[in-house]
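For reference, the structure discussed in these notes is given below.
The values are calculated or read from the model by the stated rules, or taken from the named source; none is laboratory data. On a predicted model such as this, the values are computed, not experimentally measured, just so you know. Here the Cβ is made from the backbone with ideal geometry for all residues, glycine too, and neighbour counts use every protein chain on show.
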């Protein structure tokens, strides 16, 4: 771990490539005609704006600065088959259970190809959680106030597309000064085998003032991606797309731990945006673990909108084969006296490619900001690559902002030390890779998730590389 | 019986000769001190014995009847060679207990003994920690990470206590230790001494040798041992300084040859 990249100034986005195919608009009109009676009136302008922004932006190309290192042409080329109807049949509970996190005591909401499946779910009494398509009937006022108010359709084509086409997702409401004891496990199962089929889950979490909750947002495929010894089975072979958007509103003095785990099949494309709006004195710890998918692009955007906020962004990405995993994070310090700490570790093997872009904005009024960012990357093969770029834009003058990026191989001195105590070279190497991942895993407060990820690391290390 | 036999050992790195022909025999039950000014080659000798491959090496080293220079680093450790590092390496994320148990079991496996489980290991470790007066919380921390200079050095000797080597090499273990820590470390080392093992203490100063009494003292200068003697040599050296030996006619002759 040697080289430190210096801050590079943000560049203006290049004008997006035009043309979102007519097929999307046609599909949208058809969708709206069918849906209009079920969707509430207030939703229509939001959707309409979504498709309009998508039509204007089109799929991003590498000419767009935000997408410079991630070529999503393989996604743009796919036929567009949004899965708009609830699946006629659901997988058996037994199958779904293979994706559970052992030992995790939780409420569970299962989504199949983006649609909520209450039959496979179990929510503890007293928790206000349901499918979004139900919530827009029963919780219309809350939804109207929050849904789509935080994300940026006008900037991100995938968010726009999701906004046009979402049909379901998770809605969780934690009333003021209450807490959800056990975490809520949102399990998004993708099992379609039709190339180009896409799901557009849309999640909304409202943690009111003084509330506490822990949420796991977990994406997986059926058949499950297997990391077992000897071989890495692909999960499903179909090139499908998950295009998820999650908005979390964190009220004053509320506390939220959110753990996103992306473990989709190696032929899947995963695009996701997480938008978090924090109010004063709130605390958020957000983990993003990315282990699956052929291309994964994850945007995480925190707005620190009140004084005395603490935020932690904690990320781990593992790439092998020809996987591409791209995290774009934005921490927007919009108010004074907030602290944000960001830790991202990437381990890349084979011909895989990693991208980390971490923006920190410190607005004019955000004096006494304490922002810290580290991006550490381990390249295990000559052909693996990483593009890591911190981007700090600071408009206040009394702030503490630090960032560091490292890219490197395993530390030879550490290997030598371990070997000098009798540990074999290969075992020493594995210990260090594992430790590099554990550094991030250990920040997750839920032991069963830590254990599951530790197990996954061991299994991946038992195979060749990562 | 000799544990270590070094014959005419020469070593160079990037064309620069550092060791120019070392001869040294260490028998079971003996403690040897190797003293010398900075840059004389003390640490290089330690590194070569433990298996560092950055040097081109000539000569012969027999350890326990086997050719040492043929062995990999980990093989040497499993055969019972231990180096207490001058600068112990911090290994973030690798838990101390996990690391040491893995090392301990590798050595046991090599000896054909069954591996120990976590409980058995913990019992052993607790007992050894007492010798070094180490705080047990260190075990839950990553290897050497955030340890003070003194804790790192004590931790090296603690590892030595657990791994029970046949030949322990202590490279400047006294540097960075205050007098109290020095006494603890020295008493630890003394307790580990037996008739069937041996110790090589590498040090710049005589201080440590007030507490670990060596059977032999060797002075290394410019890649050669220019003087060997008993424990009184260290005291003389302390009193008169290295210049005294370096300027000694016998030494001049050696260096010139």
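Just checking, how many residues over the range A:180-200 are over 16 Å from the mean Cα position of the chain (by Cα), part of a loop (DSSP other than H, G, I, E, B) and in contact (Cβ under 8 Å) with a residue 60 or more places away in the chain? The qualifying residues number 8. So for the range B:114-121 (the condition being under 24 Å from residue B:195 (Cα atoms), within 14 Å of chain A (Cβ to nearest Cβ) and at pLDDT 95 or above), does at least one residue qualify? No, the range B:114-121 has no match at all. Considering the range A:404-420, the residues that are surrounded by 20 or more Cβ atoms within 10 Å (Cβ to Cβ) and touching a residue at least 40 places away in the same chain (Cβ under 8 Å) include one that is nearest to residue A:366 (Cα to Cα), namely A:405.
Looking only at residues in the range B:56-82 that are in a loop (DSSP other than H, G, I, E, B) and surrounded by fewer than 16 Cβ atoms within 10 Å (Cβ to Cβ), the one that is farthest from the other protein chains (Cβ to nearest Cβ) is B:65. Among the residues of the range A:292-326, those that are without any contact (Cβ under 8 Å) to a residue 40 or more places away in the chain, in a loop (DSSP other than H, G, I, E, B) and within 30 Å of residue A:399 (Cβ to Cβ) comprise A:305, A:307, A:308, A:309. Take residue A:382 and tell me if it is farther than 26 Å from residue B:47 by Cα and out of contact with any strand residue (DSSP E or B) (no Cβ under 8 Å at 6 or more places or on another chain). So residue A:382 fits the description; yes.
Give the residue that is nearest to the chain's Cα centre (by Cα), with candidates limited to residues of the range B:143-156 that are away from chain A (no Cβ under 13 Å) and crowded, with 24+ Cβ neighbours inside 10 Å. Checking each candidate, the answer is B:153. The residue of the range B:83-108 that is farthest from the other protein chains (Cβ to nearest Cβ), among those that are part of a strand (DSSP E or B) and crowded, with 22+ Cβ neighbours inside 10 Å, is B:84. The strands (runs of 3 or more DSSP E) found wholly in the range B:179-236 and carrying at least 1 residues that are at pLDDT below 95 and over 17 Å from the mean Cα position of the chain (by Cα) occupy B:216-221, B:224-229. Residue B:49 - would you say it is within 18 Å of the chain's Cα centre (by Cα) and free of Cβ contacts under 8 Å to residues at least 60 places away in the same chain? Considered against the rule, which asks whether it is within 18 Å of the chain's Cα centre (by Cα) and free of Cβ contacts under 8 Å to residues at least 60 places away in the same chain, residue B:49 comes out as no.
Quick grid of which residues meet (1) in a helix (DSSP H, G or I); (2) free of Cβ contacts under 8 Å to residues at least 40 places away in the same chain; (3) within 24 Å of residue B:77 (Cβ to Cβ):
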site: B:151; (1), (2), (3): yes, yes, yes
site: B:156; (1), (2), (3): yes, no, yes
site: B:159; (1), (2), (3): yes, no, yes
site: B:165; (1), (2), (3): no, no, yes
site: B:173; (1), (2), (3): no, no, yes
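Only one of the listed residues (B:23, B:27) is away from chain A (no Cβ under 14 Å), under 16 Å from the mean Cα position of the chain (by Cα) and surrounded by fewer than 17 Cβ atoms within 10 Å (Cβ to Cβ). That residue is B:27.
Assigned to a loop (DSSP other than H, G, I, E, B), crowded, with 16+ Cβ neighbours inside 10 Å and either out of contact with any helix residue (DSSP H, G or I) (no Cβ under 7 Å at 6 or more places or on another chain) or free of Cβ contacts under 8 Å to residues at least 40 places away in the same chain (or both), is that true of residue A:90? It is true that residue A:90 is assigned to a loop (DSSP other than H, G, I, E, B), crowded, with 16+ Cβ neighbours inside 10 Å and either out of contact with any helix residue (DSSP H, G or I) (no Cβ under 7 Å at 6 or more places or on another chain) or free of Cβ contacts under 8 Å to residues at least 40 places away in the same chain (or both). Every condition in (1) in contact with a helix residue (DSSP H, G or I) (Cβ under 8 Å, 6 or more places away or on another chain); (2) more than 7 Å from every other protein chain (Cβ to nearest Cβ); (3) surrounded by 21 or more Cβ atoms within 10 Å (Cβ to Cβ) is met by residue B:47 except one, and the failing one is (1). Restricting the search to helices (runs of 4 or more DSSP H) fully inside the range A:379-466 and requiring at least 2 residues that are over 29 Å from residue B:156 (Cα atoms) and within 14 Å of another protein chain (Cβ to nearest Cβ) gives A:447-462. Assessment of the range A:137-157 against the conditions (assigned by TED's automatic domain parsing to the domain that holds residue A:185, on the phi > 0 side of the Ramachandran plot and surrounded by fewer than 21 Cβ atoms within 10 Å (Cβ to Cβ)) yields no matching residue. Could you list, in sequence order, all residues of the range A:193-216 that are under 17 Å from residue A:269 (Cβ atoms) and modelled with pLDDT of 85 or more? Once the filter is applied, which keeps residues that are under 17 Å from residue A:269 (Cβ atoms) and modelled with pLDDT of 85 or more, the range A:193-216 yields A:194, A:195, A:196, A:197, A:198, A:199, A:200, A:201. Scan the range A:247-291 for residues that are part of a strand (DSSP E or B) and either under 13 Å from the mean Cα position of the chain (by Cα) or not assigned by TED's automatic domain parsing to the domain that holds residue A:210 (or both) and the total you get is 21. Just one of the numbered conditions (1) within 14 Å of chain A (Cβ to nearest Cβ); (2) over 15 Å from the mean Cα position of the chain (by Cα); (3) surrounded by 19 or more Cβ atoms within 10 Å (Cβ to Cβ) is not true of residue B:11: (1).
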